[in-house]
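Read-outs throughout are calculated quantities, based only on the coordinates presented, and are distinct from any laboratory measurement. Here the structure is a predicted model, which means the values were calculated and not measured.
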């Protein structure tokens, strides 16, 4: 960008004039432009003050740390880094005051009847989870293994405020740019020939240059600029019209690309300073933002699915423990009966030992059902996208897992207890409408479709680079010259009269021979589209396959629940008959009695297992169709 008269070459002096008299004349008139210099300095200060006001107080507050020598803040940070980044005293104090109670163990829960419970519906559980979900947790310890992979409340704001790839970053390329420059120069030199010294052997000069410019890139690729160039020159050259003069220029400039880089389509897709294969325009940034929203929606859906899985895991654990408790109580009564008969010599010791073995067997199963073990649990993408019900765990282990997911303390002295009853009625699905809904609603397909649209826009931008560069450049100038900057007969006054006007126009042409990079970018974009479209088709096939699989799973689970219920009722009838005969004094087979007790316990647990599998399968149908968030009344802001 030009700054006017930066040259120190003096004008040619008129013949016969004395250099010493020119120097004295120049010095005697040195104070004439003082008012103009002061005025221009005030204008410059006002403009710079306005810029500082635009920056705001926040930027000013950071000046000591950013450009100053105040290193207290960074020194405090590095002291902790060098020490291994220990927790602060405030964090330790908070940890001590909010430390959870010791976990409830099998020894504390010897009798589940005496425990304190907090009853929760699935709806309440999801509300608690979302209230405490600054981070979308899982049960795979991802927060320790790969914390950067977890979504959080800051995930979408991070995308929306990315200074390189966000919508605001893309729009910033079209922001107006302000530029200001001021230079002050003093020249004092001696020449052997008066011709080179402007008519004087000793040349003295004061030069000031001021440039202000506002430029802007438009959506069509045009670059507009309004520029003010003001020069002050005071020297002792004998040929000057006045000893010191102000020259001011006003420029209006436009550069419009006619081929490469021009047009609304290219600039909205590729943005400013685009390269083949590198596009970050407003439309690309908007599409990336929508992809991030769909990804966050998918992660939220997975989180809700895992909370639901954990809820039904715990619900089954309670029913399993209840069935084991009933079996344990029956075996205890049987053992006491045969122990009494052994004492009275009416039964041998083997019968009592068999009954005792059964009692301790059921006691071990009950203890396992209460405490649980750290084994695989129902979770997303476990055999199916929504998770396959594992049917293992235990009350205490399942309760701790649910607490971890929903963000509650590990132990509060009370046990969480699901109270929602499973659905026991058959649900019939229309697979055609469900398949169409899944194709439309699944977040994974929304992400991939948006990616395909982004690839198609990238192909449009890549084709623009197959064109040569042809730019139209035009400049209009107004000039003014005077002994003062402002006032009558000044430089500004002459500009206002528009006496001296200039115009310049031209074209610039550039073209790489062969367009090798541009052709590679177009071919690359086409291959990206083909690949992403193939992946989209495969994703659709996979989702329809998974959907039909979970629909079939609902039929299997419901049918098995009916069969398991009939099995349980039959085993219960057989046990009631044997117990009635034994109480009536009729002879019965102890082996048959113990076997029937086991059958009753197993069939009861199997019925609860099938019912819970049915509930998880119904949830998985919503998962596969992409309606889980809507059915649980969860809305993702920004989607």
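Once you wrap a convex hull around the alpha carbon atoms of the range 226-309, what is its projected area averaged over all directions, in nm²?
Working: hull surface 48.1 nm².
Its Cα hull, projected and averaged over all orientations, spans 12.0 nm².
Jot down the radius of gyration and Dmax of the range 562-606, Cα atoms only, both in angstrom.
When restricted to the Cα atoms of the range 562-606, Rg and Dmax are 10.9, 35 Å.
Let me check against my output: what whole-number percent is the relative contact order of the range 492-621, with C-alpha pairs under 8 Å and at least 6 apart?
Details: 58 pairs, mean separation 43.4, N = 130.
Relative contact order of the range 492-621: 33 percent.
For the range 404-419 and the range 472-540, what is the separation of their Cα centres, given in Å?
63 Å
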